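The structure appears right after this line, and notes come after that.
The values are calculated or read from the model by the stated rules, or taken from the named source; none is laboratory data. Predicted model only: the values in this text are computed from it and were never measured. Here the Cβ positions follow ideal geometry from the backbone for every residue, glycine too, while neighbour counts run over all protein chains shown. Surface accessibility is based on the protein's heavy atoms, side chains included, excluding ligands, DNA and RNA. Shrake-Rupley method; radii C 1.70, N 1.55, O 1.52, S 1.80 Å.
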Amino acid sequence: IAKEVAKLLEMKAQLGADEGKHKFVLKTPKGTRDFGPKEMAIRERAFKAIISCFKRHGAEVIDTPVFELKETLTGKYGEDSKLIYDLQDQGGELLSLRYDLTVPFARYLAMNKITNIKRYHIAKVYRRDNPAMTRGRYREFYQCDFDIAGQFDPMIPDAECLKIVHEILSDLQLGDFVIKVNDRRILDGMFAVCGVPDSKFRTICSSVDKLDKVPWEEVRSEMVAEKGLSPEAADLIGEYVQLHGGLDLIERLLQDPKLSQNKVAKEGLGDMKLLFEYLTLFGITGKISFDLSLARGLDYYTGVIFEAVLLQQENEHVEEPLSVGSVAGGGRYDGLVGMFDPKGRKVPCVGVSIGIERIFSILEQRLEASEEKIRTTETQVLVASAQKKLLEERLKLISELWDAGIKAEMLYKKNPKLLNQLQYCEDTGIPLVAIVGEQELKDGVVKLRIVATREEVNVPRESLVEEIRIRTSQC
């Protein structure tokens, strides 16, 4: 044994000698990406629009840990649970990376005994999914969530969530979109009257959820061949899930001989009618479609569910606009907080999640196509010198500007050429140059140059901050 151990140690020593030459594979893990300054500038622009909308609607902001106890996440996501990232046992706790921001929010409410809050939360979530990077599908990505928790009169908070989606998608100018709406109770009632056994509701629901990606024939064969549903029940479901419309369809289904006999479906249809009345008052029904094929696979939804889809008109001859994919989704989940509460106290909740990654990939593609130059800094002024030996003066001036809250830069050279300093402004989009020279120092002024027009004005040193503020507010 000693001989073999000595041999292995010798081999290890030899391998160790090669360690310095080891070539690293320089790549990000599968389903993740880096974001350079240009991409981050685009992302920040989108985040700003979304956050200002959430704040406009009176939301507070919270944050939760990036990992939760594994048991917190288990059993909340239906068939998607297999996509949860589990972490190795660390210090006696079994942990998982968060899959979304909704379950941590429910845990937070139950833990802190909160029964009433309107909050937003923007953070990264993790899914062990098969990534499709070009379509904005990642394993690590941001979610932007807005939720209203509390006992309120029916459909008022739900209508506000839909209004928020409408505002954000209109503001970001992503193109034409439609917000599909349905209700879990209508789906459950529909399954019941079509002859789906109770035990199969959730699994059939996740099949229906695929209808936006695959044709009805494929969904039908999955229900029958894989999930053991009778062909008759599948055909009856097919008659319903291909319907979509507005108030007229709701009225029609309220008269439907089968659905109207189902208590749960009738309740859902009554609320859907109320929702459409509120959405009419908000003036947004033109972009809303009541769609019976919308299922949303997550287990925790209990009432209204919705999904916003971008539409792409290929050409004038196409009757139906093509769907580019979901960019927002959400719904009502009245039972989730109760799952965490020791006494099972329920806190009704409704919320929406903005699919920010898909939005980013659309904005990035659009900016690439337009070749618009994106500024990656917010610098308002470059402090420059006209002659040599003025580094001290530049440092004094830039310090004054920073202390006054002005975004300022300078080149890190003792004696930079004026031309190089001006070129730097052209390259980075800095709108103003504050030039100090010997003459200016004698006169107690600073020469302010407007980069775009090349116009120059002498500004008294004490008025410089105010002048920069005035000129950059016009940019």
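Give me the count of lysine pairs in segment 1-105 whose alpha carbons sit under 19 angstrom apart, restricted to pairs 8 or more positions apart or on different chains. Write out the running numbers ahead of the final one.
Working: Lys3/Lys12; Lys12/Lys21; Lys12/Lys23; Lys30/Lys82; Lys38/Lys48; Lys70/Lys82.
The number of close lysine pairs in segment 1-105 is 6.
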Only one of the values (1) 22.5; (2) 26.7; (3) 23.3 was calculated from this structure for Kirkwood radius over Cα pairs in Å; name its label. (2)
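Share of antiparallel DSSP beta bridges in the chain, in percent to the nearest 5?
Working: 54 of 66 bridges.
About 80 percent, rounded to the nearest 5.
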Amide H within-cut-off set for Asp183, under 5 Å, with H built and near neighbours excluded: Ile305
Phi to ³J(HN,Hα) by Karplus 6.51 cos²θ - 1.76 cosθ + 1.60 over segment 96-102, Hz, x for Gly, Pro: 9, 6, 5, 8, 8, 9, 7
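Which of the peptides 24-35, 191-202 is most tightly packed, and how do the rest follow, judged by the mean count of other Cβ atoms within 10 Å per residue?
Most protected by this proxy first, the peptides run 191-202, 24-35.
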Kindly identify segment 206-353 as rounded, prolate or oblate by the Cα gyration tensor criterion: order the square roots of the eigenvalues as a ≥ b ≥ c, call it rounded if a/c is under 1.5, otherwise compare a/b with b/c, prolate if a/b is larger, else oblate. rounded
From the backbone phi of segment 346-359, what are the Karplus-calculated ³J(HN,Hα) couplings (6.51 cos²θ - 1.76 cosθ + 1.60, θ = phi - 60°) in whole Hz, Gly and Pro given as x? 8, 10, x, 9, 9, x, 9, 10, 8, x, 5, 5, 5, 5
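Only sites in a loop by DSSP and with at most 14 other Cβ atoms within 10 Å count here; which GluC sites (Glu not before Pro) in segment 346-384 make the cut? Don't skip to the answer; put the middle values down first.
Details: sites: Glu357, Glu364, Glu368, Glu371, Glu372, Glu378; in loops: Glu371, Glu372, Glu378.
Qualifying residues, ordered by number: Glu371, Glu372, Glu378.
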Report, ordered by chain and residue number, the lysines lying within cross-link reach of Lys388, taken as a straight Cα distance under 30 Å and ignoring same-chain residues fewer than 8 apart. Lys396, Lys407, Lys413, Lys414, Lys417, Lys442, Lys447
Taking amide hydrogens as modeled 1.01 Å from N in the peptide plane, which residues meet the under 5 Å criterion relative to Val446, leaving out close sequence neighbours? Val459, Arg461
Given a 1.4 Å probe and every protein chain left where it sits, what share in percent of the accessible area of the chain is carbon and sulfur? 52 percent
Using the Cα atoms of segment 381-473 to build a convex hull, what is its mean projected area in square nanometres? 5.3 nm²
Given 120-126, 430-436, the highest-first ranking by average Cβ count within 10 Å works out to 430-436, 120-126
Could you state the accessible area per residue of the chain in Å², with a 1.4 Å probe and every protein chain left in place? 54 Å²
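For the chain, with only Lys/Arg (+1) and Asp/Glu (-1) charged at the beta-carbon, what is the dipole magnitude about the Cα centre, in debye rounded to 20? If you can, show how the numbers build up before the last one.
Values: 68 positive and 75 negative charges, 322 e Å.
It works out to roughly 1540 debye.
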Additional length obtainable on full extension of the chain from Gln439 to Glu426, 0.36 nm per residue less Cα span: 2.2 nm
Using the Karplus curve 6.51 cos²θ - 1.76 cosθ + 1.60 with θ = phi - 60°, what ³J(HN,Hα) values do you get for each residue of segment 447-463, in whole Hz, with x for Gly and Pro? 7, 9, 10, 8, 4, 5, 9, 6, 6, 10, 9, 8, 10, x, 3, 6, 9
Once amide H atoms are built 1.01 Å from N in the peptide plane, which residues 5 or more positions from Gly325, or in another chain, come under 5 Å H to H? Leu310
